[in-house]
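The values are calculated or read from the model by the stated rules, or taken from the named source; none is laboratory data. Treat the numbers as computed from the prediction; the structure is a model and nothing was measured. Don't worry about glycine lacking a Cβ; one is built from the backbone with ideal geometry, like all the others, and counts go over all protein chains shown.
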Amino acid sequence: MTKLLITLHVLSVILLIGPIAVAVSLFPRYARQGGEVAAVLHRITKVYAIGALAVPLFGFAAAGALKVTDNQWVIESTILTVVAAVVLAVLIVPAQRKALAGEAEQLAGRLSAFGGVFNLLWLVVTVLMVYRPGFHRG
């Protein structure tokens, strides 16, 4: 069961967070150009963000099965995941919506920065998941 939960966690990261990371990175360029591509990237960001709620659910289930929920790397990863979710929900999605409404030039730089922060947070979470600093079995 543990291996299944870990597999589901990793697959959900790849299939749900990956497209969001690409969409938020590409959005500023296409928003400046206007048109349908930016609207599709915004839709990908919103829809996949909802599906991405599965990532921490599978992660917590896997951590529970491994009995490592109190490990520092799990706690830090959880905090960074919450921060990434807040960046996405509070900064990126509303700014994308405004950019589509005609403020693309004013928001392009901010959207690039927000996307960079979002992707950097996931990079750090990935490193924590791989290296598991302070890892010990309970």
* Considering only the stretch 27-42, state which residues are closer than 14 Å to Leu107 by Cα and either aromatic (Phe, Trp, Tyr) or surrounded by fewer than 16 Cβ atoms within 10 Å (Cβ to Cβ) (or both). => Phe27, Arg29, Tyr30, Arg32, Gln33, Gly34
* Asked: Among the numbered criteria (1) touching a residue at least 60 places away in the same chain (Cβ under 8 Å); (2) over 21 Å from Gly18 (Cβ atoms), which single criterion is violated by Trp122?
  -> (2)
* Asked: Does the stretch 45-54 contain any residue that is loosely packed, with under 14 Cβ neighbours inside 10 Å, assigned to a helix (DSSP H, G or I) and of a type in the set (D, E, K, R)?
  -> no
* Structure fact -> Only one of Glu103, Glu76 is surrounded by 15 or more Cβ atoms within 10 Å (Cβ to Cβ), of a type in the set (Asp, Glu) and assigned to a helix (DSSP H, G or I), namely Glu76
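Conditions tested, residue by residue: (1) without any contact (Cβ under 8 Å) to a residue 24 or more places away in the chain; (2) among the small types (Gly, Ala, Ser); (3) assigned to a helix (DSSP H, G or I).
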{"residue": "Ile6", "(1), (2), (3)": "no, no, yes"}
{"residue": "His9", "(1), (2), (3)": "no, no, yes"}
{"residue": "Val13", "(1), (2), (3)": "no, no, yes"}
{"residue": "Ile17", "(1), (2), (3)": "no, no, yes"}
{"residue": "Val22", "(1), (2), (3)": "yes, no, yes"}
{"residue": "Ser25", "(1), (2), (3)": "no, yes, yes"}
{"residue": "Tyr30", "(1), (2), (3)": "yes, no, yes"}
{"residue": "His42", "(1), (2), (3)": "no, no, yes"}
{"residue": "Leu57", "(1), (2), (3)": "yes, no, yes"}
* Ala61 is checked against (1) crowded, with 17+ Cβ neighbours inside 10 Å; (2) closer than 21 Å to Ala21 by Cβ and fails just one. What number does that condition carry? -> (2)
* Asked: What number goes with the only condition from (1) at pLDDT 95 or above; (2) of a type in the set (Val, Ile, Thr); (3) under 21 Å from Leu5 (Cβ atoms) that Val130 does not pass?
  -> (1)
* Asked: Which of (1) without any contact (Cβ under 8 Å) to a residue 40 or more places away in the chain; (2) not β-branched (Val, Ile, Thr); (3) not in a helix (DSSP H, G or I) is the odd one out, the single condition Gly134 does not satisfy?
  -> (1)
